[in-house]
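The values are calculated or read from the model by the stated rules, or taken from the named source; none is laboratory data. For clarity, every value in this text was computed on a predicted model and none was experimentally measured. As a convention, Cβ positions derive from the backbone with ideal geometry for all residues, glycine included, and neighbour counts pool all protein chains shown.
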Amino acid sequence: MKLPSALLEQLENADQPRTDSYLRYTKLDHNKPVTFALLEKDPFCYYLVWGQTADGSMKPFRFLEQPTDADISAELGSEYTRSMNYDKTAVRRPELCLTWPVYNWDAKCVQVLEVSHVSLRNQFAKIGLNKKYSKNLLGWDFEITKTVGDMTRYELMPVPRDEDEHEDEVMDGAWEEAQKKGFDLQMMLTGGDPFNPQG
C-alpha cells in the first residue's frame, strides 16, 4: 500500500512516547514520588486565575501583579467566568504561583513546574531560604510525593543527587538545547508555550 509521506510521518511520531511539557504534581500516583532538579534558582512568580466556559472547559489566566476583580473580568472576557472554589461557595481567589524550569530525572527531560498549592509553595520557600540548601540549591535533587487520604497532601523533600544515576552532563545538555530553542517562561503570561516561543 502506498501512503503519503506526511501520513507516514504522523504515524511514526504517534508511536513515539509523548512527554508532557509540565511536571504535573497533581497527577502523581499515591506515594510514588517524582524526582527532579531545579534549572534556575529563582522562581518566575505570577498570579493564576482559572476561567471556565459554559460547557465546563477550564483555562488558566496569569497576571504578573495581583489582579483586581476588574482586571480579571477584563482578561476573561465574555466567554469565560471565574471558576468556583473547592466548596463551591465563592469564586477561586488568584493563586500566587512559583514556577521553574526543571529537569525531570524520571522522564529524562526538561519540564515546567508550576507550584500553586500553598502548602507546597511554602515548603519550597522554607528550603530556598535555608542557608544549608540555598548556597547550592541547583546541586540538589527534589522529590514531590502525593499522599491521598482524607485530604490530598504534597510533600517536598531535598535529596542529595545520586551521581551514578543522575548525570549533570545529561541534564545540562537538555537544558542548553531548550534554551537554544528560545525557552521562555514569560510565554505563560499570554497562554503561549515556553518551549516554543515563536509558535
- Message: Condition first: of a type in the set (Asp, Glu), more than 16 Å from His30 (Cα to Cα) and surrounded by 12 or more Cβ atoms within 10 Å (Cβ to Cβ). Now tell me which residues in the range 127-168 satisfy that.
- Response: Asp141, Glu167, Asp168
- Message: I need the full set of residues from the range 160-178 which are touching a Phe, Trp or Tyr at 6+ places or on another chain (Cβ under 7 Å), within 12 Å of Trp105 (Cβ to Cβ) and aliphatic (A, V, I, L, M), in order please.
- Response: Met171, Ala174
- Note on the structure: Scanning the range 175-199 residue by residue, those in contact (Cβ under 8 Å) with a residue 60 or more places away in the chain and either under 17 Å from Gly139 (Cβ atoms) or among the hydroxyl-bearing types (Ser, Thr, Tyr) (or both) turn out to be Trp175
- Task: Would you check if there is a residue in the range 121-142 being modelled with pLDDT under 95 and hydroxyl-bearing (Ser, Thr, Tyr)?
- Result: yes
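With in contact with a Pro (Cβ under 7 Å, 6 or more places away or on another chain) and either modelled with pLDDT of 95 or more or not in a strand (DSSP E or B) (or both) as the only criterion, which of Gly173, Gly182 stands out?
On the way: Gly173 fails: in contact with a Pro (Cβ under 7 Å, 6 or more places away or on another chain).
Exactly one residue qualifies, and that residue is Gly182.
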- Could you say which residue among Leu138, Leu120 is in contact with a strand residue (DSSP E or B) (Cβ under 8 Å, 6 or more places away or on another chain), part of a helix (DSSP H, G or I) and under 23 Å from Pro67 (Cβ atoms)? Leu120
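Is it true that Glu155 is more than 12 Å from Leu38 (Cα to Cα), without any contact (Cβ under 8 Å) to a residue 24 or more places away in the chain and not in a helix (DSSP H, G or I)?
Values: more than 12 Å from Leu38 (Cα to Cα): yes; without any contact (Cβ under 8 Å) to a residue 24 or more places away in the chain: no; not in a helix (DSSP H, G or I): yes.
No: the conditions fail for Glu155.
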- Message: Test of understanding: among Lys126, Lys146, Lys108, which residue is of a type in the set (Lys, Arg) and more than 16 Å from the chain's Cα centre (by Cα)?
- Response: Lys126
- Taking the range 1-40 and the residues there that are at pLDDT 60 or above and part of a helix (DSSP H, G or I), the one that is surrounded by the fewest Cβ atoms within 10 Å (Cβ to Cβ) would be Ser5
